[in-house]
1. Quick one: if the Förster radius is 22 Å, what FRET efficiency do SER23 and LEU52 give, using the C-beta to C-beta distance and rounding to 0.05?
2. Can you tell me which of 159-171, 143-155 comes out highest on packing, and rank the rest after it, using the mean Cβ neighbours within 10 Å?
3. Out of the DSSP beta bridges found with both residues in the stretch 2-239, what percent are antiparallel (nearest 5)?
4. Under 17 Å Cα-Cα from LYS112, which aspartates and glutamates qualify once same-chain neighbours fewer than 8 residues away are excluded?
5. Hey, fewest Cβ within 10 Å first, where do HIS212, HIS196 land in order?
6. Please compute, for the alpha-carbon atoms of the chain, the extent along each of the three principal axes and give them in descending order in Å.
7. Given R₀ = 41 Å, FRET efficiency for GLU128-LEU202 by Cβ-Cβ distance, to 0.05?
8. Expressed as a whole number of Å, what is the distance separating the alpha-carbon centroids of the stretch 39-76 and the stretch 159-225?
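Any read-out appearing in this document is the output of simple, stated calculations on the displayed coordinates, not a laboratory observation. Since the model is a prediction, treat every value here as computed from it, not as a measurement. With ideal geometry, Cβ positions are generated from the backbone for all residues, glycine too; neighbour counts draw on all protein chains shown.
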Amino acid sequence: MIKLTHVSKSFDGGQSYAVKDLSFQVRKGEMLVLLGSSGCGKTTTLKMINRLIEPTQGTVEVDGKDVMGRNPVELRRQIGYVFQGIGLFPHMTVEQNVEIVPRLLGWSSRSKRERMQELLSLVELPPESFAKRFPDELSGGQQQRIGVARALAADPDYLLMDEPFGALDALTREALQQELLTLKKQLKKTIVFVTHDLHEALLLGDRIAILHEGHLEQIGTKKDILNAPATQFVRDLFTTREPGTFTLRDT
Ligand SMILES: Nc1ncnc2c1ncn2[C@@H]1O[C@H](COP(=O)(O)OP(=O)(O)OP(=O)(O)O)[C@@H](O)[C@H]1O
Ligand SMILES: [Mg+2]
């Protein structure tokens, strides 16, 4: 379980806050979607979960332990991270990208290779034709699949995904969303998924946490949020948009 308690983050010594007094829990096995417009603190929140960013106030716990007391390498073994944008290392092959964490953990060459092959097959990119390619020899959707494979390398309990499908065309995006739902059933991971796309949030989230200017407006299931919006901001998300245009824009 992941638990944030009164978490705030300021990058400027307290003059302004990227995240303000945020509390929520992610339950075991669920996919929680963090939804909000650009700059509302989604990436900052995600990075505080695996300690890439340290909170100014409040506590972040993973499995009941404060992440500030954990060894960061051990913590990140347990938490896979799919970076915003594509985030593959361009000078490394697919194989080398996927093996980054196993290499850090000192796995044998054989275990690394077997795991890499297993993961490429899982994301439906046959290792024979993809392992030796460089990222610029892949399509955007294929690169994104490799990003997911890389995050799963050490079989983490948790997966943090930062707008993983943001840069893709609509069709590829839909295909990957469906794949993720299948993968989730198969792997039983606890996932925090960041997006600014309302449609994507409603499709993927077991629950959705709506962020606005660094604070939580509402957290709940799709049904909770649609039936009982907690704030005017949440109400406006669903009422002021033309049908079918769900993407949040900068306010
Ligand atoms: N390292 C940093 N130093 C200073 N300010 C930062 C830093 N990282 C983020 N911020 C600021 O904190 C706020 C929240 O940023 P964050 O990256 O969390 O937003 P986001 O919701 O992920 O946005 P987007 O959808 O555009 O990725 C922004 O105002 C941003 O400029
Ligand atoms: Mg972001």
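1. Numbers: r = 20 Å, r/R0 = 0.91.
Between SER23 and LEU52 the formula returns 0.65.
2. With the highest mean Cβ count within 10 Å placed first, the list reads 143-155, 159-171.
3. Counting only bridges with both partners in the stretch 2-239, antiparallel ones make up about 50 percent.
4. Reachable aspartates and glutamates: GLU95, GLU99, GLU128, ASP155.
5. Numbers: HIS212 19, HIS196 22.
By the 10 Å Cβ count, ascending: HIS212, HIS196.
6. In descending order, the Cα extents are 54, 44, 32 Å.
7. On the way: r = 38 Å, r/R0 = 0.93.
Given R0 = 41 Å and the Cβ-Cβ separation, E is 0.60.
8. The two parts, judged by their Cα centres, are 20 Å apart.
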